[in-house]
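I have placed the structure first, in the form of structure tokens, so that the comments after it can refer back to it.
The values are calculated or read from the model by the stated rules, or taken from the named source; none is laboratory data. Values in this document were obtained by computation on a predicted structure and should not be read as measured data. No Cβ is skipped: glycine too gets one built from the backbone with ideal geometry, and neighbour counts run over all protein chains shown. Areas reflect the complete protein model, heavy atoms only, side chains present, ligands, DNA and RNA absent. Shrake-Rupley method; radii C 1.70, N 1.55, O 1.52, S 1.80 Å.
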Amino acid sequence: MSKILITGTAGFIGFHLVNKLISEGHKVTGLDNINNYYDVNLKYARLAETGIRKEDIKYNRIINSLKYKDYSFIKLDLEDKESLTDLFRSSGFDYVVNLAAQAGVRYSIDNPMAYVNSNIVGFANILEACRHNNIKHLVYASSSSVYGLNEKMPFSTEDNVDHPISLYAASKKSNELMAHTYSHLFSLPTTGLRFFTVYGPWGRPDMALYIFTKAITEGRKIQINNEGNMQRDFTYIDDIVNSLSRIIDVIPEGNTDWSGLDPKPSSSPASYRLYNIGNNSPVKLMDFVEAIEKELGITARKEFLPMQPGDVPATWADVNSLIRAINYEPATPVKEGIKNFVKWYKEYNRIK
């Protein structure tokens, strides 16, 4: 049994990862600050599903799950370095999975400091805590947004990603650079995972699938950016957590073939790796909308808009290195994933 800290467990991916790792027999501590970036009721509902009651939650206090004997939760900000340090010192974690972050591309345009505080300062605190507490492996969430202005498809971790087009993307790129520094200077094994448009039950309300489903069921127009000329490598949540649970045990070692004369971004002589996690099968946005319409049995009213600032027209993940590392390939068909989401959405919102 490993002792694992997962940050961001009131969030979409963190919630699902808790259930996955508990089912595999690990001892898990969850951490989240439960901020109000989106409806906190959904966050509390996720926590309740893992046996953490809203009325028991107090800041910087560990509470035990009423559902899982090997799960506990603490409400904490990553920016609170002193409390985070105390948690690490007292808990003896073996592994850390850092999923906590300020998410959202468009939100970063109007609220840049939220990303600096959470994604940069908070991540630096995680790195320091890992460094000083003998963490065997830090796995952290990056994003497909780091590919920015890149147009060569599919996106590869061997490509240069020095041209982000949102502060959110820049903050995730900075995480990768900071992690490499700690791997190099302090021999802290780190693995960064670039997630590609994650979707599924319990998903975030600011993501396209939730927004479209809600609008369609309420009879409102859905807004479709770039006149519908968009593609996304939609990745189902089960594929994400299956990949995460496997990668935790794949502790990176220095790449002996790496050369500073031809520096490949995805590895180095340090114990550092980067992987894409995507479905490796981009879907046209209008096909995605059509699948939602079919599952709901409702034709959407559509409003076509130009490209939004900070957005990109297409994403597509090269996942070959991930498949080699964990012997697993994300492959859930979008229609199946949408079906599962719509079923959950109707149940959660009591829609018949």
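Only one entry in 163, 180 is in a loop (DSSP other than H, G, I, E, B), more than 16 Å from residue 276 (Cα to Cα) and modelled with pLDDT of 95 or more, namely 163. When 252, 205 are screened for being more than 14 Å from the chain's Cα centre (by Cα), open to solvent by less than 30 Å² (accessible area, probe 1.4 Å) and not aromatic (Phe, Trp, Tyr), only 252 passes.
Being modelled with pLDDT of 95 or more and in a strand (DSSP E or B): is that true of residue 242 here? For residue 242, the condition - modelled with pLDDT of 95 or more and in a strand (DSSP E or B) - is not met. Considering each residue of segment 284-292 in turn, none proves to be part of a loop (DSSP other than H, G, I, E, B) and touching a residue at least 12 places away in the same chain (Cβ under 8 Å).
The residues in segment 313-331 that are within 20 Å of residue 252 (Cβ to Cβ), aliphatic (A, V, I, L, M) and open to solvent by 40 Å² or more (accessible area, probe 1.4 Å) can be counted, and the count is 1.
From the list 265, 269, 306, the one residue that fits, being part of a loop (DSSP other than H, G, I, E, B), touching a Leu at 6+ places or on another chain (Cβ under 8 Å) and either charged (D, E, K, R) or open to solvent by 10 Å² or more (accessible area, probe 1.4 Å) (or both), is 265. Among the numbered conditions (1) surrounded by fewer than 16 Cβ atoms within 10 Å (Cβ to Cβ); (2) more than 24 Å from the chain's Cα centre (by Cα); (3) closer than 16 Å to residue 292 by Cα, the only one that residue 257 does not meet is (3). Checked against (1) over 30 Å from residue 55 (Cβ atoms); (2) modelled with pLDDT of 95 or more; (3) open to solvent by less than 40 Å² (accessible area, probe 1.4 Å), residue 108 passes all but condition (2).
Screening residue 227 against (1) out of contact with any helix residue (DSSP H, G or I) (no Cβ under 6 Å at 6 or more places or on another chain); (2) among the charged types (D, E, K, R); (3) surrounded by fewer than 18 Cβ atoms within 10 Å (Cβ to Cβ); (4) within 22 Å of residue 176 (Cα to Cα) leaves a single unmet condition, (4).
Would you confirm, using the coordinates I've provided, whether residue 157 is in contact with a Leu (Cβ under 8 Å, 6 or more places away or on another chain), modelled with pLDDT of 95 or more and part of a loop (DSSP other than H, G, I, E, B)? Here the answer is yes, as residue 157 does meet what is asked. Selection of first residues in segment 132-146 that are in a loop (DSSP other than H, G, I, E, B) and of second residues that are among the aromatic types (Phe, Trp, Tyr), restricted to Cβ pairs under 6 Å at least 6 apart or on distinct chains, gives the following pairs, ordered by first then second residue: 133/88; 136/95. Assess whether residue 9 counts as being β-branched (Val, Ile, Thr), in a helix (DSSP H, G or I) and touching a helix residue (DSSP H, G or I) at 6+ places or on another chain (Cβ under 7 Å). In short, no. Checking the structure you have, find out if any residue of segment 136-150 is over 18 Å from the mean Cα position of the chain (by Cα) and among the polar types (S, T, N, Q). Yes: segment 136-150 contains one or more residues that are over 18 Å from the mean Cα position of the chain (by Cα) and among the polar types (S, T, N, Q). Looking across segment 3-28 at every residue that is out of contact with any strand residue (DSSP E or B) (no Cβ under 6 Å at 6 or more places or on another chain) and among the polar types (S, T, N, Q), the one that is most open to solvent (accessible area, probe 1.4 Å) is identified as 23.
Any residue at all in segment 55-71 that is part of a strand (DSSP E or B), in contact (Cβ under 8 Å) with a residue 40 or more places away in the chain and open to solvent by less than 90 Å² (accessible area, probe 1.4 Å)? Yes, segment 55-71 contains a residue that is part of a strand (DSSP E or B), in contact (Cβ under 8 Å) with a residue 40 or more places away in the chain and open to solvent by less than 90 Å² (accessible area, probe 1.4 Å).
Within segment 29-40, does at least one residue satisfy the condition of being outside any helix (DSSP H, G or I), touching a Pro at 6+ places or on another chain (Cβ under 9 Å) and surrounded by fewer than 14 Cβ atoms within 10 Å (Cβ to Cβ)? Yes, the conditions are met somewhere in segment 29-40.
Give segment 24-72 a look and list any residue that's touching a helix residue (DSSP H, G or I) at 6+ places or on another chain (Cβ under 7 Å), of a type in the set (Val, Ile, Thr) and within 23 Å of residue 344 (Cα to Cα), or say none. Correct list: 34, 50.
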